[in-house]
1. When all alpha-carbon pairs of the stretch 319-474 are counted, what percent fall beyond 20 Å?
2. Above 18 Å lies some portion of the pair distances; for the stretch 145-241, what is it as a whole percent of all C-alpha pairs?
3. Explain nothing, just the number: dipole magnitude of the stretch 1-145 about its Cα centre with +1 on each Lys and Arg Cβ and -1 on each Asp and Glu Cβ, in debye rounded to the nearest 20.
4. Answer with one residue from GLY194, LEU111, LEU28: the one whose Cα lies farthest towards the positive end of the charge dipole of the chain, charges on Cβ with Lys, Arg +1 and Asp, Glu -1.
5. Could you give the distance between the Cα centres of the stretch 376-431 and the stretch 101-138, to the whole Å?
6. What whole number of Å gives the distance from the Cα centroid of the stretch 233-307 to the Cα centroid of the stretch 5-25?
7. Do any of LYS149/LYS181; LYS6/LYS142; LYS149/LYS260; LYS181/LYS340 go past 21 Å between their Cα atoms, and which?
8. Can you compute log10 of I(q)/I(0) for the stretch 189-248 with the Debye formula, treating each Cα as one identical point scatterer, at q = 0.15, 0.18, 0.19, 0.23 Å⁻¹?
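The values are calculated or read from the model by the stated rules, or taken from the named source; none is laboratory data. In this text the structure is predicted, and so the values were computed from the model without any measurement. In this analysis, Cβ positions are derived from the backbone assuming ideal geometry, glycine residues included, and neighbour counts consider all displayed protein chains. What goes into the accessible areas is simple: the full protein's heavy atoms, side chains included, and nothing from ligands, DNA or RNA. Shrake-Rupley method; radii C 1.70, N 1.55, O 1.52, S 1.80 Å.
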Amino acid sequence: MTNSQKIIPILLAGGAGARLWPVSRDDLPKQFQPLTGEFSSYQETLRRVGDPKVYDAPIVITNDAFRFFSRRQAEAAGHPATVVLEPARRDSAAAVAVAAVMAERRAAGSLVLALAADHMVLDDDLFTKSVELGATAARDGKIVVFGLKPTEPRTSYGYIRPGTPIGGNPDLALVDAFVEKPNAETALDYLRKGYLWNSGNFLFRSDVMIAEFRKHAPAILEAAEESVAKATHDLGFVRLDQESFERSPKNSIDYAVIEKTKEMAVVTGHFRWSDVGSWDAIWEVLDRDDKDNVIYGEGMALNSSGCLIHSEGIYTTLVGVEDLIAVSTRDAVMVVPKNKVQDVKKLVDEMKARAIPQADGHRRSHRPWGTVDSVVDGARYAVKHITVDCGGMLSLQKHMHRAEHWVVVSGTATITIGDHTRLVTENESVYVPVGVVHRIANEGKVPLELIEVRTGSYIAEDDIQRIEDIYARV
């Protein structure tokens, strides 16, 4: 174990984030959404741990549904990563166990930095200093958690009571206790007593974490070890063995290990941090005008104060109101008082119970080759805006109930219909009859955009028979 040993960043990127609906949904949750700037929090986290002098190549643990998108975003951020696919949701303990096992396989006693991909850090240099300080304790066998000095008595965070300082540094100490999310009165008392917010991000030696799992949560460790040992490689992804992984109990890393181990230390971080777990947290971290309003996207707040407008494609306005959150996407609008944002999850649960499609999915869906945006959906017709990335190729397929009309609006398409393949350029169109085999590919150097019009007796997505597919979806 040397001070020059690089740290392996592990990004936990499989969560849902229902409290940030309608932007965050099951088919593309908050960690992959640019909620506060050009990049998503997932991309910002990759950039934060991108210094090759400090960090080894990152490992991302995410859901199978996000595999291509997570890799695409990592490449766009300039930090390609090993993407590990969880075959089922088992909460954070199983993911951290997998991370520890994989890191130990890479190098025995590796230093591992486990980070939630949906958190926000605003001071990268101060974050790096905290990691470097924590590494001194992690090398000595401590599991290090990062705590933040509270700026207010938040009831939505867990808290840490720091104990005896380590090495005479007041910013590095043993952990006396972890405490759950308090009520308002207790949270205020925690502030007075010097407790810290628990960020839920950890730094540890892989062998130490494995030993703690073996002691406190052996069933989770066994499932992780077996799922890694039997993992397969699929199109550059690491696919954990499903049968083995699903044997893991569902549990958080806090309950499974952190609150039971006696090997905990805490670094007091001086960087600005938020778990951006609700819309009021988004309002807090963005720049506000002289009336304390935040406008993200296209919108206006007139004679209003303390409001957030977050708009995607729809000009959104508020007039004569205070402390409101207004969020608009292409297919949903939500307005909620700032002090009721914790009820957004209840709203999503109720929408799911009523089988409202906007609860789970966006109008724009992401595919391995690009995106599909549903413009209009009728009973016997639909209009889609399709974007095919450079080098992207749809599967060779046919439909039994619908015909398709394609108009190229940008780029050049290589289109196969039946036995014939030809180039179709801007302002040209083609027709695909019902039951005819076809495919679209983009062999050019710019993204390909098309308008697709579907017509027929049945036009849903499941009317598809794939014959060949470079993304292994046949």
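1. In whole percent, the long-distance tail amounts to 58.
2. Above the 18 Å cut-off, the stretch 145-241 has 62 percent of its Cα pairs.
3. Taking the Cα centre of the stretch 1-145 as origin, the dipole is about 260 debye.
4. Toward the positive end, the furthest listed residue is LEU111.
5. 45
6. Cα centroid of the stretch 5-25 versus Cα centroid of the stretch 233-307: 7 Å apart.
7. In this structure, LYS149/LYS260 lie more than 21 Å apart at Cα.
8. Here the Debye-derived log intensity ratios amount to -0.64, -0.77, -0.82, -0.96.
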